[in-house]
Amino acid sequence: MPQLRCLTIKAKDPKRLADFYRKVFELKTVSEDGSLVRLSDGVFTLALLNQHGDGTRGLYASGFQVENLDGVKDKVERGDKASPHGEWQIADPDGNLIDLTAKGFGAAQEKSPFPIRHLALYTADPKRLANFYGDVFKMKEVAYSDRSSIFVADGYFNVALLYQRVGEEKNGFNHFGFHVTDIEEMRDRAEKVGVPRGAKRPDRIPYAEYRLHDPEGNGIDISEKGWKV
């Protein structure tokens, strides 16, 4: 079964971001060079890709490990190039990029106590994306919100397809999340490395309790409850 196992972030300073994720969330280094740093919690890979110049930075692409690349390619309309560290890159109906590999993204041997278990994106049509991720990657709808959002999962990893209202967050990738054991400990760790302690999420949010931001402003949910998968 396909598994969502990678998130790529385009970064101004990948090494600085890597230090943040190593110190706060104890991610391990898989590989590091001038253009790409790959970190892992032992299951999931966080790829920090150097964005040269003034190009767009932030959450850039998700990544699925699949058994049959051709089988996935046959189900999508958009996708015709190799990815920076996968074997192929496609796009979902909203244009969100997805790296594909049958070989794996390179997980660390040692597991972090704070695994990455969640990714969220905004979309004008959550059901259309839920159908896409179900048809192509066999993800199941596992939860719904009172704001028309849909949560899908692969049995381990949870993806929130958040309904985009006019004037709210822009379409596309928005944040990702760590399952932690102690919210205040993680807020303390973040503060010690020079970022704000984060803000409490609204009570209507079903899973995450607090939102942090890394040194380049990428949103990170932290949750003791975890996400439904």
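The values are calculated or read from the model by the stated rules, or taken from the named source; none is laboratory data. No experiment lies behind these values; they were computed from the predicted model shown. Note that we place each Cβ from the backbone using ideal geometry, even for glycine, and neighbour counts take in every protein chain shown. Side chains are part of the model used for accessible areas, which takes the heavy atoms of the whole protein and leaves out ligands, DNA and RNA. Shrake-Rupley method; radii C 1.70, N 1.55, O 1.52, S 1.80 Å.
When you have a sec, figure out the Kirkwood radius of the stretch 111-229 from all distinct Cα pair distances and drop it here in Å to one decimal? Working shown, then result.
Details: mean 1/r = 0.0674 Å⁻¹.
Evaluated on the stretch 111-229, it is 14.8 Å.
Does the stretch 29-72 come out rounded, prolate or oblate, given a ≥ b ≥ c as the square roots of the eigenvalues of its C-alpha gyration tensor, rounded meaning a/c under 1.5 and, failing that, prolate meaning a/b above b/c? Please list the in-between numbers first.
Details: a/c = 2.41, a/b = 1.42, b/c = 1.70.
Here the stretch 29-72 falls in the oblate category.
Let me know the shape class of the stretch 5-127, please: from the alpha-carbon gyration tensor, a ≥ b ≥ c as square roots of the eigenvalues, rounded when a/c is under 1.5, otherwise prolate if a/b is greater than b/c, or oblate.
Working: a/c = 1.64, a/b = 1.41, b/c = 1.17.
Cα axes put the stretch 5-127 in the prolate bin.
Using Cα pairs under 8 angstrom and six or more residues apart, how large is the relative contact order of the stretch 163-229, in percent? Walk me through the intermediate numbers first.
Values: 96 pairs, mean separation 23.3, N = 67.
It rounds to 35 percent for the stretch 163-229.
For volume of the Cα convex hull per residue in Å³, several values are listed as [x] 131; [y] 160; [z] 121; flag the one computed from this structure.
Of the listed options [x] 131; [y] 160; [z] 121, [z] comes from this structure.
What is the distance in Å between the Cα centres of the stretch 94-160 and the stretch 165-229?
Taking the Cα centre of the stretch 165-229 as reference, the centre of the stretch 94-160 is 17 Å away.
Measure off 7 Å from each Cα along the Cα-to-Cβ vector at LYS170 and LEU36, then give the distance between these two points in nanometres to one decimal.
Taking the simple label geometry, LYS170 and LEU36 are separated by 2.4 nm.
Past 32 Å, Cα to Cα, is the threshold; run LYS15/LYS127; LYS170/LYS225; LYS138/LYS192; LYS73/LYS225; LYS15/LYS225; LYS23/LYS138 against it and keep the listed order.
Values: LYS15/LYS127 37 Å; LYS170/LYS225 27 Å; LYS138/LYS192 40 Å; LYS73/LYS225 36 Å; LYS15/LYS225 30 Å; LYS23/LYS138 34 Å.
Among LYS15/LYS127; LYS170/LYS225; LYS138/LYS192; LYS73/LYS225; LYS15/LYS225; LYS23/LYS138, the Cα-Cα distance tops 32 Å for LYS15/LYS127; LYS138/LYS192; LYS73/LYS225; LYS23/LYS138.
Leaving out ligands, DNA and RNA but keeping every protein chain, what accessible area does ARG147 have, in Å² rounded to the nearest 10, with a 1.4 Å probe?
ARG147 exposes around 60 Å² with every protein chain in place.
With springs only between Cα atoms under 10 Å, which of ALA199, ALA190, ALA120 fluctuates most in a Gaussian network model of the chain?
Looking only at ALA199, ALA190, ALA120, the biggest GNM fluctuation is shown by ALA199.
Can you tell me the accessible area per residue over the stretch 144-217, all protein chains present, probe 1.4 angstrom, in square angstrom?
On the way: 3730 Å² over 74 residues.
Heavy-atom accessible area per residue stands at 50 Å².
Can you figure out the FRET efficiency of ILE205 with LYS15, using R₀ = 45 Å and their beta-carbon distance, to the nearest 0.05? Spell out each step's value before the answer.
Details: r = 32 Å, r/R0 = 0.72.
Using R0 = 45 Å, I get an efficiency of 0.90.
Give, in nm to one decimal, the length gained when the segment between GLU26 and LYS75 is fully stretched (0.36 nm per residue of separation minus the Cα-Cα distance).
On the way: separation 49, 0.36 × 49 = 17.64 nm, distance 3.70 nm.
That pair, GLU26 and LYS75, stretches by 13.9 nm at full extension.
What is the stretch 1-131's relative contact order, in percent, from Cα pairs under 8 angstrom and six or more apart in sequence?
Working: 258 pairs, mean separation 37.1, N = 131.
Computed over the stretch 1-131, the figure is 28 percent.
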